[in-house]
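A quick write-up on the structure given underneath.
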Amino acid sequence: MKKLYTMFMMAMMAVMAVSFTSCEDEEIARTLEGTWKGNMYISSEWDGRYYDATSTEITFLKDPSRYSSGSGYWVDYYSNAPWDYVANHIEWSVDYGTIYVRFIEEGTSLKIRDYHLNRDRFTGYINDHGNDVKFELYNVSRPYYDNYRWGYDSWGYDYYYSRTRGADADSTKPIEKPRRVVRTDK
């Protein structure tokens, strides 16, 4: 009987751990929703030359039928480059605290694992082709329903994750436009 009780308790603890992570991922996704602007400290390479991005704008649109994923866009702005910006549609999701971003036009993806996130500020590091890239973004727009309190003030949380420092980025097909890179010679 004691063995059966122990097995039952272990199963309940496993179910609870999964459900708590799911709720946490949903809160992270809800906090991400909106438009963020700032600096990703990245560059693009074109025709053997590197151009530094001056700012970045990312919009996370939460899928209303899913708890912790959605779509949006990511725009890197440049000055003194042959182009003004590089824009991509994105698909994103949160899974066990890790934010996954897939760039549709580029066919690349990245993970954000080491970050701080609250309703106003999103900072941390991503890893692009083996190099850490710092980012610092500020929220400039939220969906209209942010003005309401849905039972409690859910925007007060400050999320922090550093299970694994940085993340991976991998390319799935050749890119025929400027390529986002991290320069180690800066």
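The values are calculated or read from the model by the stated rules, or taken from the named source; none is laboratory data. Since we're looking at a predicted model, the values are computed, not measured. As a convention, Cβ positions derive from the backbone with ideal geometry for all residues, glycine included, and neighbour counts pool all protein chains shown. For accessibility, only protein heavy atoms count, side chains too; no ligands or nucleic acids. Shrake-Rupley method; radii C 1.70, N 1.55, O 1.52, S 1.80 Å.
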Next on the checklist: Can you report the number of residues in the range 21-35 which are buried (at least 18 other Cβ atoms within 10 Å of the Cβ) and either more than 17 Å from ILE112 (Cβ to Cβ) or hydrophobic (A, V, I, L, M, F, W, C) (or both)?
Outcome noted: 3
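Which of the strands (runs of 3 or more DSSP E) found entirely inside the range 1-113 contain at least 3 residues meeting this: more than 26 Å from PRO143 (Cβ to Cβ) and either at pLDDT below 85 or not charged (D, E, K, R) (or both)? Outline the logic, then answer.
On the way: elements: 34-39, 43-46, 49-62, 69-78, 85-95, 98-103.
In the range 1-113, 43-46, 49-62 are the strands (runs of 3 or more DSSP E) which contain 3 or more residues that are more than 26 Å from PRO143 (Cβ to Cβ) and either at pLDDT below 85 or not charged (D, E, K, R) (or both).
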Checklist entry - Is the range 162-176 home to any residue that is of a type outside the set (Asp, Glu) and either in a strand (DSSP E or B) or modelled with pLDDT of 60 or more (or both)? => result yes
Item to check | Residue list for the range 35-72, filter: more than 14 Å from TRP83 (Cα to Cα), in contact with a strand residue (DSSP E or B) (Cβ under 8 Å, 6 or more places away or on another chain) and among the aromatic types (Phe, Trp, Tyr) | outcome: TRP36, TYR41, PHE60
Checklist outcome for this item: Residue count, the range 94-106, condition more than 15 Å from ILE58 (Cβ to Cβ) and open to solvent by 10 Å² or more (accessible area, probe 1.4 Å), comes to 3
Checklist entry - Is there any pair with a first residue in the range 81-106 that is at positive phi and a second that is of a type outside the set (Lys, Arg) whose Cβ atoms are under 6 Å apart and which are 6 or more apart or on different chains, and what are they? => result TYR96/THR21; GLY97/TYR161
Next on the checklist: For a quick check of your reading of the model, give me the residue pairs whose first member lies in the range 36-64 and is in contact (Cβ under 8 Å) with a residue 24 or more places away in the chain and open to solvent by 10 Å² or more (accessible area, probe 1.4 Å), whose second is basic (Lys, Arg) and not in a strand (DSSP E or B), with beta-carbon atoms closer than 9 Å and at least 6 apart or on different chains.
Outcome noted: TYR41/LYS186; GLU45/ARG183; TRP46/LYS177; TYR50/ARG183; ASP52/ARG183; ASP52/LYS186; LYS62/ARG30
Checklist entry - Quick one: in the range 65-93, which of the residues that are surrounded by fewer than 18 Cβ atoms within 10 Å (Cβ to Cβ) and of a type in the set (A, V, I, L, M) is farthest from LYS37 (Cα to Cα)? => result ALA87
